[in-house]
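Any read-out appearing in this document is the output of simple, stated calculations on the displayed coordinates, not a laboratory observation. Because the structure is predicted, anything quoted here is derived from the model rather than measured. Cβ sites come from the backbone with ideal geometry, for glycine too, and all protein chains shown count toward neighbours.
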Amino acid sequence: MPTWLLVVIILIAIAVLGAVTWLVTLELQRKRLRDRFGPEYERTVRDRDSRRDAERELAAREKRHAELDIRPLSPSAHERYAQRWALIQEQFVDRPARAVAEADRVLVELMAERGYPTEGYDQQLADLSVQHARTLEHYRSAHETMRNHEHTEASTEKLRDAMVRYRTVFEDLLADGAEPGDHDRRDARARRTPESRS
């Protein structure tokens with residue numbers, strides 16, 4: 001076999017190996033992002049021009065999140081927020097719209113105390129998506145109900161659903177990095193109506 005043919009075969013083998021390595025790396029990155037972001041991964045892919053754009057955005061969110069000073073609550077802050085939430089739930093019986101608006105405010109305050117920037121709703125979603133992706137859709141839905149209520153009155157049932165969803169996110173933020181299976185248990189507890197917890 002001529003030397004030049006051997007060189008060509010080696011170069012082709014290296015190119016094929018490089019392509020396979022690149023594809024495997026890409027697929028591992030994709031799987032890691034899917035696992036980390038859950039439903040938020042698919043939502044971001046739907047909202048962007050391409051899967052690569054979506055994955056770049058999610059990677060950028062991770063990078064920004066790594067630079068944030070996210071910290072656990074002190075035991076006294078944890079207790080303070082738990083008490084505030086209990087008062088909001090009691091308020092829901094007589095003033096549901098006001099309780100939902102207060103739930104939104106307390107949630108933003110909790111984010112700030114944990115170290116999340118709160119400069120805007122879209123940025124809050126992006127920052128929360130890194131560690132709290134599993135409850136993010138609850139936040140979106142509850143926030144949308146609250147905003148819609150400002151223009152056209154939402155039914156008490158819609159407001160109750162918003163409160164349950166806010167509570168799911170609240171408990172997730174309050175829990176400070178619980179194990180993935182804990183989200184399901186918190187979701188089940190949060191589905192109880194506010195009145196049943198008063």
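Projecting the Cα atoms of SER155, ALA175, ALA15 onto the dipole axis of the chain, where Lys and Arg carry +1 and Asp and Glu carry -1 at the beta carbon, places ALA15 farthest toward the positive end. The long axis of helix 51-67 is offset from the longest Cα principal axis of the chain by roughly 60 degrees.
If you plug the beta carbon distance of GLU62 and GLU109 into 1/(1 + (r/R0)^6) with R0 = 30 Å, you get a FRET efficiency near 0.75. Given 0.36 nm per residue, what is the gain on full extension from ARG51 to GLN29 after removing their alpha carbon distance, in nm? Here the segment from ARG51 to GLN29 would lengthen by 6.7 nm. With K and R counted +1 and D and E -1, the other residues having a Cβ less than 10 Å from that of LEU136 yield a net charge of 0. From helices alone, the chain scores -28000 deg cm²/dmol at 222 nm; the rule is -39500 (n - 2.57) for each run of n ≥ 4 DSSP H residues, then divide by the residue total. Over all orientations, the stretch 3-67 has a Cα convex hull whose mean projected area works out to 6.0 square nanometres. When the chain is treated as a Gaussian network with alpha carbon springs shorter than 10 Å, the biggest mean-square fluctuation among ALA54, ALA103, ALA142 belongs to ALA54.
Against the chain, whose longest principal axis comes from its Cα atoms, helix 156-175 is set at around 60 degrees.
Relative to the longest principal axis of the Cα atoms of the chain, helix 180-190 runs at roughly 30 degrees. Kindly identify the stretch 68-149 as rounded, prolate or oblate by the Cα gyration tensor criterion: order the square roots of the eigenvalues as a ≥ b ≥ c, call it rounded if a/c is under 1.5, otherwise compare a/b with b/c, prolate if a/b is larger, else oblate. It is oblate, given that a/c is not under 1.5 and a/b is not larger than b/c. Note on the chain: with charges restricted to the Cβ of Lys and Arg (+1) and Asp and Glu (-1), its dipole about the Cα centre is near 400 debye. Each Cα pair under 8 Å and six or more residues apart adds its separation to the average, and for the chain the resulting relative contact order is 22 percent.
In this simple spin-label approximation, ASP122 and GLN83 carry label points 7 Å from Cα along the Cα→Cβ vector, and these lie 3.9 nm apart. The protection proxy used here, the mean number of other Cβ atoms lying within 10 Å of each residue, ranks peptides 144-154, 64-74, 119-129, 3-13 as follows, highest first: 119-129, 144-154, 64-74, 3-13.
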